Amino acid sequence: FLVGHKYLDTRYIESYTMTNDISSIDIKRGVWMQPLSESTYLVLLALTKEPLHGYGIIKKIEQYSDGEIVLAPGTLYGVLTNLQKQKLIELVTAEKESRQKKIYQHTNEGHTSFSLEYERIKKMLTISNDILKGAKQDEID
C-alpha cells in the first residue's frame, strides 16, 4: 500500500512498503531504488553531522567503527564520484593549499536516500532479531 509521496528537488519520489515483508520498495527518479553498498552507506553516514573532505570521511568512518573499517582512498573517491553523479552529495568548497581539499555534504536527496536505507536496515535487523529470538514462529501451510 502507498505510504507516502512527496516532491524533493523537483523529482517525484514515491515510497511503498510491503507489509509482512522485509523489502521496502522505493521508486526514485523513475527507477527502483537499490540498497546502498556498504561503502556508500558509510560515506553518507560520515557526512550526516557535518561537511567533510575525503581524508576526514576516512577518519570519521574509522572512528565510528572503532578502527575496524578503514576505507581505502581509491574506494572512497570512487564512491564520492558516484554519489556526486547521482546528486546525493555536493561539493561545498575546494580549499586552495598545496593540494585542493574538496569538502562534501549531503544534498536533500542524499539525506533522504540515507534515511530510507537506515530504516530498511533497521527493519531487517528487527525482523532478524525476532526470528532468532523465537518471537516469530514459522507458519507452515
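The values are calculated or read from the model by the stated rules, or taken from the named source; none is laboratory data. Fair warning: this is a prediction, and the values are worked out from it, not measured in the lab. Cβ atoms come from the backbone with ideal geometry, glycine included; neighbour counts cover every protein chain shown. Surface accessibility is based on the protein's heavy atoms, side chains included, excluding ligands, DNA and RNA. Shrake-Rupley method; radii C 1.70, N 1.55, O 1.52, S 1.80 Å.
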Notebook entry, point to check: Want the number for K101 to Y118: 0.36 nm per residue separation, take away the alpha-carbon distance, what's left?
Noted result: 3.3 nm
Next item on the list: Provide the net charge surrounding V79, with neighbours chosen by a C-beta distance below 12 Å and charges set as Lys +1, Arg +1, Asp -1, Glu -1.
Entry: 0
Margin query: For a quick check of your reading of the filter: which GluC sites (Glu not before Pro) in segment 37-72 sit in a DSSP loop and have no more than 15 other Cβ atoms within 10 Å?
Written below: E68
Check: So which of K87/K133; K87/K122; K87/K123; K49/K85; K85/K133; K60/K122 end up more than 30 Å apart by C-alpha?
Finding: K87/K133; K85/K133
Margin query: If you roll a 1.4 angstrom probe over the protein chains with everything in place, what fraction of the accessible area of segment 64-119 belongs to carbon and sulfur, to the nearest %?
Written below: 47 percent
